[in-house]
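K.L.:
Structure incoming, see below.
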Ligand code: GDP
């Protein structure tokens, strides 16, 4: 490693900075209140000032990401962005994930860059389908989960019942961290089980108020029957502290933030091929988990979002871009706030910085101070929707090729170039990705395309000896393609076909996930 060992004083300062970092994402089923909670959190963190109540979804989303027409038209959040703010002496990075399941690949990649997830549950509906899916992704990575039971200001399920449901549905221990005071329209505050403090939105209630009497009765049950918070269990992802609140009425939001300050996990070690990289190691390492192009009409650029995984990154430093072996100068790393961005003079493990570049950086790339290290865990999933791109204006073939590569590098779709020379095939996990591709090709590149069906429903990366791959490719020419890295991919028309091909080709391995890096 190029870095000389730090003196113990500077190591201490580094560790202190890193211990202050909190990077998290909010996961939820659509409509549970993720957007509202995000806004309240940012407001509590002073990141945005907004008068009055939450604005209509359409209007608010327009202001946030006007650059993407499709998002506006459909009223869904397609983009993963990051927002940095300070609260309680900690630096928070809140990574936004797309709500729609068609963009789950993007969500998956974002979750590689967080240390913790806040799971928002609608108090009337309990665990819903998408909550469960997102939770499972977190579990695969042992990401600690904080639960926020939202909409307590409305008719809700019984609190004990909700806790049981979370435990049973997700096989996850629950430890209530707060308890609601009053229910539905009478919901006015929370009781903090850790500090024993009460928080009211208006004047405190007297002890003989029926809501306080109910609280006292329930607390006996809670404290007698439910497990206390256990930090190790939380850090390992086995136990979730549960908060009750109303994002809309701003009840319970600071309970949640205070808890993230008190015991939210600081940056976790990030797994790499050869070893795990700890946050407080002196050498800088960073992992690119997201690329966004043309984010802002005023800055037509391409931003790579990188999580700093260790050390202190500073503006102007040169890092090694491990995939190409070349040097990469960090001229203008940026932090993103709710509505603006700023040059990042320095950033520490746990922070997410945006790095403008012209296509050098790709999803899954590692930057280091010289070490040949590759972070793992940023995957491509084998798509099950495969469409051939139909170009309306043949004069634009070259432009289309370039645009498809750029958008594939961003992770909008996967690109497969058929070895038989026919038109490119794009692969997606969810059909909305195709709409995004189509509208962005038109808006940003001026290329109109359509899609045609293909005989294929499955794609598998193949590995094995070169000469075996070559022979297989010759024999299967019309079903072979190269992905964006030039890696060979076999396209199958059905599960049956795929099974048969695998059986008949014992010398090759077929993969449904490709690790990038
Ligand atoms: P998302 O789809 O998860 O981002 O959910 P939103 O934040 O957009 O909220 C969905 C709907 O629930 C909106 O109409 C919100 O105003 C409403 N909502 C969000 N939080 C609360 C809450 O705490 N109480 C009530 N009553 N409604 C809420």
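The values are calculated or read from the model by the stated rules, or taken from the named source; none is laboratory data. This structure is a prediction, so every number in the text was calculated from the model and none was measured. Note: ideal-geometry Cβ built from the backbone for every residue, glycine included; neighbour counts use all protein chains shown.
K.L.:
Would you call residue 39 more than 16 Å from the ligand (Cβ to nearest atom), more than 27 Å from residue 235 (Cβ to Cβ) and either modelled with pLDDT of 50 or more or assigned to a loop (DSSP other than H, G, I, E, B) (or both)?
P.N.:
The answer is no for residue 39.
K.L.:
Now for a different question. Is it fair to say residue 152 is part of a loop (DSSP other than H, G, I, E, B), touching a helix residue (DSSP H, G or I) at 6+ places or on another chain (Cβ under 7 Å) and within 16 Å of the ligand (Cβ to nearest atom)?
P.N.:
Here the answer is no, as residue 152 does not meet what is asked.
K.L.:
If you don't mind, another one. Restricting to the stretch 138-169, and then to whatever is farther than 23 Å from residue 193 by Cα and in contact (Cβ under 8 Å) with a residue 40 or more places away in the chain, can you tell me which residue is surrounded by the fewest Cβ atoms within 10 Å (Cβ to Cβ)?
P.N.:
Per the stated criteria, the residue is 142.
K.L.:
Could you tell me whether any residue of the stretch 456-467 is farther than 23 Å from residue 413 by Cα and surrounded by 12 or more Cβ atoms within 10 Å (Cβ to Cβ)?
P.N.:
Yes, some residue in the stretch 456-467 is farther than 23 Å from residue 413 by Cα and surrounded by 12 or more Cβ atoms within 10 Å (Cβ to Cβ).
K.L.:
Something else: Here are 5, 98, 30: which of them is within 12 Å of the ligand (Cβ to nearest atom) and at pLDDT below 85?
P.N.:
98
K.L.:
Continuing with this model, one more query. Does at least one position in the stretch 172-180 carry a residue that is over 30 Å from residue 18 (Cβ atoms), modelled with pLDDT of 90 or more and not in a strand (DSSP E or B)?
P.N.:
no
K.L.:
Related question: Take residues that are in contact (Cβ under 8 Å) with a residue 40 or more places away in the chain and touching a helix residue (DSSP H, G or I) at 6+ places or on another chain (Cβ under 9 Å) and tell me which of the strands (runs of 3 or more DSSP E) falling wholly in the stretch 438-517 contain 1 or more.
P.N.:
Counting at least 1 such residues, we get 449-453, 458-463, 480-482, 488-492, 509-511.
K.L.:
Check residue 71 against each of (1) away from the ligand (no atom under 14 Å from the Cβ); (2) outside any loop (DSSP other than H, G, I, E, B); (3) at pLDDT below 90; (4) surrounded by 19 or more Cβ atoms within 10 Å (Cβ to Cβ) and name the one condition it does not meet.
P.N.:
Unmet for residue 71, out of (1) away from the ligand (no atom under 14 Å from the Cβ); (2) outside any loop (DSSP other than H, G, I, E, B); (3) at pLDDT below 90; (4) surrounded by 19 or more Cβ atoms within 10 Å (Cβ to Cβ): (1).
K.L.:
Counting just the residues of the stretch 350-371 that are within 17 Å of the chain's Cα centre (by Cα) and not in a strand (DSSP E or B), which one comes out surrounded by the most Cβ atoms within 10 Å (Cβ to Cβ)?
P.N.:
350
K.L.:
Also: Failed condition for residue 191, given (1) in contact (Cβ under 8 Å) with a residue 12 or more places away in the chain; (2) more than 16 Å from the ligand (Cβ to nearest atom); (3) surrounded by fewer than 15 Cβ atoms within 10 Å (Cβ to Cβ), with all others met?
P.N.:
It fails just one condition, (3).
K.L.:
With respect to the numbered conditions (1) crowded, with 19+ Cβ neighbours inside 10 Å; (2) assigned to a helix (DSSP H, G or I), which one is the sole condition not fulfilled by residue 426?
P.N.:
Going through the list (1) crowded, with 19+ Cβ neighbours inside 10 Å; (2) assigned to a helix (DSSP H, G or I), residue 426 breaks only (2).
K.L.:
Just to be sure I understand, how many residues within the stretch 249-265 are more than 16 Å from the ligand (Cβ to nearest atom) and within 15 Å of residue 191 (Cβ to Cβ)?
P.N.:
Total satisfying the criteria: 2.
K.L.:
So, one more: If the requirement is being under 22 Å from the mean Cα position of the chain (by Cα) and surrounded by fewer than 19 Cβ atoms within 10 Å (Cβ to Cβ), which of these qualifies: 413, 405, 436, 431?
P.N.:
Residue meeting the stated conditions: 431.
K.L.:
Could you pull out every one of the strands (runs of 3 or more DSSP E) wholly within the stretch 231-317 that has 1 or more residues that are under 17 Å from residue 17 (Cβ atoms) and touching a strand residue (DSSP E or B) at 6+ places or on another chain (Cβ under 9 Å)?
P.N.:
The strands (runs of 3 or more DSSP E) meeting that bar are 285-293, 302-310, 312-314.
K.L.:
Sticking with this one: Name the residues in the stretch 208-231 that are more than 25 Å from residue 144 (Cα to Cα) and touching a helix residue (DSSP H, G or I) at 6+ places or on another chain (Cβ under 8 Å), would you?
P.N.:
211, 218, 221 - these are the residues of the stretch 208-231 that are more than 25 Å from residue 144 (Cα to Cα) and touching a helix residue (DSSP H, G or I) at 6+ places or on another chain (Cβ under 8 Å).
K.L.:
Here is a further query. Name the pairs: first residue in the stretch 237-260 and on the phi > 0 side of the Ramachandran plot and touching a residue at least 12 places away in the same chain (Cβ under 8 Å), second residue part of a loop (DSSP other than H, G, I, E, B) and away from the ligand (no atom under 14 Å from the Cβ), Cβ to Cβ under 7 Å, at least 6 apart or on different chains?
P.N.:
Pairs that qualify, where the first residue is on the phi > 0 side of the Ramachandran plot and touching a residue at least 12 places away in the same chain (Cβ under 8 Å) and the partner is part of a loop (DSSP other than H, G, I, E, B) and away from the ligand (no atom under 14 Å from the Cβ), are 237/142; 237/143; 237/144.
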